[in-house]
């Protein structure tokens, strides 16, 4: 009887061990300062429109527990024909996209939360907002904020995925793994 109980116990333990290997995970913490440093390589971004030249400067990264998204506060400058230079800022919310084939974690799904540029008409603000929205959607998803190395995963990168991310205390907690 005791051997039978031990056999069942060891079989269950072995099965649990195999299960945990199949769900192995690699955890990384990225501080906001590291993401800030990465963004310096991608900015400033310029766009020329018929009536203005718009520049987005290096964003300030805000990682707050109260937000489920990465927040970028981006200074903007609009040089408009016949209307001078106007400064403002845009606040964008960002998600994340993990591309296993590249082992890269990229910014994704930029959305404008706030857009401020004082001293111009509402019509021009709407036009500038549209330009900045397109700039963000074209440029920000190209920003790779982290590269996973295959040796860290103990499995093929092609089968890996971003299992979860949590923002807390100015840090981005990432968990990569397999299903």
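The numbers here are math on the coordinates, done by the rules we state, and not lab data. Note that the structure is predicted; figures quoted are calculated from it, not measured. Methodologically, a virtual Cβ is constructed for each residue, glycine included, from the backbone with ideal geometry; neighbour enumeration extends over all protein chains shown.
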Single residue of 77, 61, 54 found to be over 21 Å from residue 168 (Cα atoms), part of a strand (DSSP E or B) and touching a helix residue (DSSP H, G or I) at 6+ places or on another chain (Cβ under 6 Å): 54
Complete set of residues in the range 101-117 that are surrounded by fewer than 17 Cβ atoms within 10 Å (Cβ to Cβ) and either at positive phi or touching a helix residue (DSSP H, G or I) at 6+ places or on another chain (Cβ under 9 Å) (or both): 101, 102, 108, 109, 111, 112, 116
Test: residue in the range 96-111 that is touching a strand residue (DSSP E or B) at 6+ places or on another chain (Cβ under 8 Å) and farther than 30 Å from residue 163 by Cβ: no
